[in-house]
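Following: one structure in structure tokens, then a few remarks.
The values are calculated or read from the model by the stated rules, or taken from the named source; none is laboratory data. This structure is a prediction, so every number in the text was calculated from the model and none was measured. Using ideal geometry, Cβ is built from the backbone for each residue, glycine included, and neighbour counts are taken over all protein chains shown.
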Ligand SMILES: [Ca+2]
Ligand SMILES: [Ca+2]
């Protein structure tokens, strides 16, 4: 799983896709961490009411509290009220765990 995440979030170098000289490209620890951290907005390794509160703050009030992809709990490429519903369902109603997001391109 770690290899999959590192490959999927690496910045492609050289020929498009995997090649013998640069492999999958340059590892991006930032995007690799984002792939597994989204939803855990305060980065304390738990999904809880604090994360829900942070998402509410960014969705409905002024301010920008976290990288946009951290709020994309359902991995659809944006954060909105459906991510809030997803996080609430997981935290309080035994909903599905937030998936690993591999779609964010490496910088
Ligand atoms: Ca958290
Ligand atoms: Ca989303």
Item to check | Count of region 91-107 residues which are within 13 Å of ligand 2 (Cβ to nearest atom) and assigned to a helix (DSSP H, G or I) | outcome: 0
Checklist entry - Name the residues in region 68-82 that are touching a helix residue (DSSP H, G or I) at 6+ places or on another chain (Cβ under 6 Å) and outside any loop (DSSP other than H, G, I, E, B), would you? => result 69, 71
Checklist outcome for this item: Okay, helices (runs of 4 or more DSSP H) sitting entirely in region 1-67 with 1 or more residues that are in contact (Cβ under 8 Å) with a residue 60 or more places away in the chain, more than 14 Å from ligand 1 (Cβ to nearest atom) and surrounded by fewer than 15 Cβ atoms within 10 Å (Cβ to Cβ), I get 2-9, 29-37
Checklist outcome for this item: residue 8 meets each of (1) in contact with a strand residue (DSSP E or B) (Cβ under 6 Å, 6 or more places away or on another chain); (2) modelled with pLDDT under 85 with one exception, condition (1)
Checklist entry - Taking region 60-83 as the region of interest, how many residues are farther than 23 Å from residue 30 by Cα and within 13 Å of ligand 2 (Cβ to nearest atom)? => result 2
Checklist outcome for this item: residue 74 passes all but one of the listed conditions (1) within 16 Å of ligand 1 (Cβ to nearest atom); (2) surrounded by 17 or more Cβ atoms within 10 Å (Cβ to Cβ); the exception is number (1)
Item to check | Flag for residue 82 being away from ligand 1 (no atom under 16 Å from the Cβ), surrounded by 13 or more Cβ atoms within 10 Å (Cβ to Cβ) and more than 11 Å from the chain's Cα centre (by Cα) | outcome: yes
